[in-house]
Structure formats: structure tokens, C-alpha cells
Amino acid sequence: MLDRRLHLHLASWLGQWPAAPGLHVVASHRRTRPAWDGRLRPALAVDTGHSAVLSVAPERVAAIRALLARAPDRLLASLPDAVGLPGWSLHDGPFRWSLNPAPLPDVGEWTESTAPGLPPWLRLFDRPVLVVRDADGAYLAGAGIKRHDAYGQELAVGTVPAARGRGLARRLVAQAARRVLDEGAVPTYLHEKDNHASARVAEAAGFPDRGWRAYGVYPQ
């Protein structure tokens with residue numbers, strides 16, 4: 001049975017959940033509003049392998065349904081054009097979540113995203129981020145929480161090249177996931193399907209690949 005928090009998150013994030021078998025194009029005003037980082041996500045989909053919901057702005061529904069009926073095999077490649085943003089990027093990869101993060105020891109400290117020495121991607125977060133520094137205070141790795149809604153919060157993690165291979169990313173993800181669960185939401189984790197390093201981090205942190213997929217149109 002699907003966790004209630006995840007069910008509510010998908011219904012909120014996409015505009016409808018669950019769905020009957022097949023792919024369903026649905027309208028959501030959230031596709032016209034800024035996401036967690038102040039930028040649009042004009043098309044988002046989650047596919048369980050049996051059913052899928054593709055969420056787009058209300059004014060794009062008819063055109064995308066027509067595209068799906070006419071050329072279903074071209075839908076993903078055509079999505080940026082179909083939502084009126086041909087220069088934007090496609091995301092396509094596993095949709096993971098965890099109710100039982102791996103019992104890895106904490107490794108990071110929560111700090112304001114405005115703290116000195118953090119990379120630009122961590123500064124997009126408007127709440128504290130999880131950071132690992134070396135003995136001299138230099139940044140090694142970090143994780144942030146994308147607070148999509150009260151029910152589902154997506155984790156992001158990154159490690160500087162010189163610090164990779166130490167298990168920092170998996171420990172940060174597990175530590176951040178425990179915080180999300182403590183706050184009453186379910187942690188999710190998305191990555192591109194060919195990002196094998198990110199897949200290994202997810203598996204080690206307790207985010208299995210259940211065969212679910214997320215795809216959509218993202219800003220450059």
C-alpha cells in the first residue's frame with residue numbers, strides 16, 4: 001500500500017493521483033507557478049510502470065494530448081516544444097523514495113545556505129543545508145531539501161571531486177532523509193537514468209529503485 005504522505009505529495013505536486021492504467025495528461029496551475037527555487041517546472045510526470053500522470057499547465061493540455069495520440073513515441077523529445085520552451089532541458093530517470101533510510105552515521109552539519117564557501121547550487125535553498133567541511137573549513141560535500149509541499153521533499157546532494165569515494169554523499173542523503181521524516185514528510189530522490197554514481201548513492205542511502213520513473217521539462 002502506498003504511503004499516505006507519498007500519495008498526498010503526488011496529488012499535490014502533479015495535480016492528480018492515482019491514475020488508471022496508461023498515461024494521463026492532467027492540468028495543474030502549479031506548472032505556471034515558481035517551484036522551490038523560484039523557477040518554473042512546466043511539465044512533470046511520474047510513471048509507476050502501470051500508470052502515469054503527466055502534469056502541465058491548463059492551456060497546454062489539449063496540445064499535449066493530441067501529441068500523445070498522434071505520436072506517443074515522440075512525446076518525451078517533443079515536450080519542451082509542446083510547453084512552449086524549446087530551449088529547456090529534459091529530465092528522465094528513476095523516482096525513488098524512502099521510509100527507512102540506511103542507518104549510516106551523521107556526517108554533516110546544518111548551516112544557512114548563505115554561509116561562506118558554499119557552491120552556487122546550495123545557495124538556491126532558502127532554508128538550512130547540510131554541509132561537510134574539512135579540518136580547515138573548506139567545503140567537501142552538501143545536501144539540500146527541495147520542499148515541494150508538506151508531504152514530499154526531494155533531496156539533492158553533491159561532493160567535490162577530491163572528496164568522492166569516501167561515502168559522504170550517501171551519509172548526507174540518509175541524514176537529510178531522517179530530518180524530512182521527522183518533520184512529517186516523505187523524502188524523495190531523483191536522478192538521470194544514466195547517472196550511475198547517483199544511483200549508487202541512492203541505493204546505499206536506503207532509496208531503492210522500485211521501477212518508478214519521473215520525467216519532465218526543467219530550466220537550463
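The values are calculated or read from the model by the stated rules, or taken from the named source; none is laboratory data. Everything numeric here is computed off the predicted structure, so don't read it as measured data. So basically every Cβ, Gly included, is an ideal-geometry build from the backbone, and we count neighbours across all protein chains shown. To get the accessible areas, we keep the full protein, side chains included, count just its heavy atoms, and leave off ligands, DNA and RNA. Shrake-Rupley method; radii C 1.70, N 1.55, O 1.52, S 1.80 Å.
How would 91, 24, 196 rank on accessible area, largest to smallest, probe 1.4 Å?
The residues order as 196, 24, 91, largest area first.
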Before I look further, what does the chain give for accessible area per residue, probe 1.4 Å, in whole square angstrom?
48
What Kirkwood Rh does region 88-169 have if only Cα atoms enter the pairwise 1/r average? Answer in Å.
14.2
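Taking only DSSP H segments of four or more residues, each worth -39500 (n - 2.57), what value at 222 nm results for the chain once the sum is divided by all its residues, to the nearest 500 deg cm²/dmol?
So the helix-based figure for the chain works out to -7500 deg cm²/dmol.
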Just to make sure I understand: if all protein chains stay in place, what is the order of 114, 159 by accessible area at 1.4 Å, largest first?
114, 159
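Between residue 32 and residue 195, how high is the FRET efficiency from 1/(1 + (r/R0)^6) when r is the Cβ-Cβ distance and R₀ = 35 Å? Nearest 0.05. Working shown, then result.
Numbers: r = 29 Å, r/R0 = 0.82.
E(calc), rounded to 0.05, equals 0.75.
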For region 131-179: rounded, prolate or oblate by the Cα gyration tensor [a/c cutoff 1.5]
prolate
Solvent-accessible ranking of 50, 7, 148, largest area first, probe 1.4 Å
50, 7, 148
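Two-decimal Rg/Rh of region 48-142 from alpha-carbon positions, Kirkwood Rh?
On the way: Rg = 20.2 Å, Rh = 17.6 Å.
Taking Rh as the inverse mean 1/r over Cα pairs, Rg/Rh reads 1.15.
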Rounded to 5, the percent of DSSP beta bridges in the chain classed as antiparallel
80
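Among the trypsin sites (Lys or Arg not before Pro) within region 106-166, which fall in a DSSP loop and have no more than 14 other Cβ atoms within 10 Å of their own Cβ?
Values: sites: 123, 133, 146, 147, 164, 166; in loops: 164, 166.
Answer by residue number: 164, 166.
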